[in-house]
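Student: I'd like to ask you about the structure that follows.
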Amino acid sequence: MRQSWPRPVRHGLLTTALVAVVCLVVAAASAVSCSDAAAEIGTLTARARGTLTTVDGHAVTVSWPLPDGATATARIDLAAPPPPVGTTTEIAYQPADPWHAVIPGASLLADADRALNGLVFAALVGLAVLVAAGWRVCGRARLFRRPARRALVRRVRVQQGLLTRSWLETETGPPRWIPVYFDPVLVSLPSPAEVTLYGDPRADRLVAAAVDGVRLHPSGPVRAHEPRGRRGDNPTRPDEHARARARAVSGLARQFRVDSATLVPAPLVGLFWTFLTDGGFPAWAAATAITAALGLWLSAWRGSDPS
């Protein structure tokens, strides 16, 4: 029995859910870190001006006078290169424990800022993906309300980089290339074949199609020029193994195996993000996870062809 939801919708929902879950986990971890740092910073209610007395790598020692006339000293780790000895700086400290203090550029302040940025970034990515997915599903469904027309097309596969997509190349009039989300029915489609188009490829930006009652949603705008990349055409007469191949590539498990190539750059993006933010392993893990999830989501968004 055929699934109630079209294959591209199921594929898109799974990858959208994956991005949402990853962003939720990253946002939750960032929120906990931000809350802990904010709670610690909240105890530093006293203010003073002090002087840097020693510098040891990224740690400095500062001293300042207390209200009772005594002198307090604290060692503070910095996230930035330390200023020279003798520099006067603002100090925030705990009145009951003056040794617990921060100055501008302290690691505690940087950790709080980094956690807040991670929370905001994960929330924005998750929200953007959810909005984009909802907009595309609603917009593509309306295309099938257009007047239908019959047309001769060829199904071609074009590989560009890590992504392979299916296109319907029109045979009549000025050629147009219609990108469509993959469906197993495309594997056994002869070239050329008569299909139903919803929209005019010469005038409309988006055109949907149907083959033997199977709806093919557009994965992008119609093109007037042949897409770049390595091209592969369906045969004029599909061989006897075409249906078996169609069944073999119909599942989403194979789809994700093919799309797993997009995971390769994720650790490198994570390293780059860690370098930019001066974060540690948590920053690398968060950036890598979000990049990997987005890679799978973008493959679904653009209509990856696993055949």
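The values are calculated or read from the model by the stated rules, or taken from the named source; none is laboratory data. Not measured: the values here are computed from a predicted model. Please note: Cβ atoms are built from the backbone with ideal geometry, for glycine as well, and neighbour counts cover all protein chains shown.
Student: Considering only residues of segment 80-117 that are polar (S, T, N, Q), more than 25 Å from Val32 (Cα to Cα) and not in a loop (DSSP other than H, G, I, E, B), which is nearest to the chain's Cα centre (by Cα)?
Tutor: Thr89
Student: Please enumerate the residues belonging to segment 235-260 that are surrounded by 11 or more Cβ atoms within 10 Å (Cβ to Cβ), among the β-branched types (Val, Ile, Thr) and not in a helix (DSSP H, G or I).
Tutor: Once the filter is applied, which keeps residues that are surrounded by 11 or more Cβ atoms within 10 Å (Cβ to Cβ), among the β-branched types (Val, Ile, Thr) and not in a helix (DSSP H, G or I), segment 235-260 yields only Val249.
Student: Quick check: anything in segment 5-26 within 33 Å of the chain's Cα centre (by Cα) and part of a strand (DSSP E or B)?
Tutor: Looking through segment 5-26, none of the residues is within 33 Å of the chain's Cα centre (by Cα) and part of a strand (DSSP E or B).
Student: Looking only at segment 112-131, decide whether some residue is closer than 30 Å to Arg49 by Cβ, in contact (Cβ under 8 Å) with a residue 12 or more places away in the chain and of a type in the set (Lys, Arg).
Tutor: yes
Student: When you go through Ala285, Ala293 one by one, which is the residue that is surrounded by 11 or more Cβ atoms within 10 Å (Cβ to Cβ) and either in contact with a His (Cβ under 9 Å, 6 or more places away or on another chain) or closer than 30 Å to Val9 by Cβ (or both)?
Tutor: Of Ala285, Ala293, the one residue that is surrounded by 11 or more Cβ atoms within 10 Å (Cβ to Cβ) and either in contact with a His (Cβ under 9 Å, 6 or more places away or on another chain) or closer than 30 Å to Val9 by Cβ (or both) is Ala293.
Student: While we're looking at this one, here's another question. Against the condition under 25 Å from Ala37 (Cα atoms), loosely packed, with under 15 Cβ neighbours inside 10 Å and in the same structural domain as Leu294 (by TED's automatic domain parsing), how does Leu124 come out, does it pass?
Tutor: yes
Student: Could we say that Ile91 is in contact with a Ser or Thr (Cβ under 9 Å, 6 or more places away or on another chain), surrounded by 15 or more Cβ atoms within 10 Å (Cβ to Cβ) and modelled with pLDDT of 95 or more here?
Tutor: Considered against the rule, which asks whether it is in contact with a Ser or Thr (Cβ under 9 Å, 6 or more places away or on another chain), surrounded by 15 or more Cβ atoms within 10 Å (Cβ to Cβ) and modelled with pLDDT of 95 or more, Ile91 comes out as no.
Student: Any residue in segment 216-234 that is modelled with pLDDT under 90, assigned to a loop (DSSP other than H, G, I, E, B) and farther than 20 Å from Pro8 by Cβ?
Tutor: No, every residue in segment 216-234 fails to be modelled with pLDDT under 90, assigned to a loop (DSSP other than H, G, I, E, B) and farther than 20 Å from Pro8 by Cβ.
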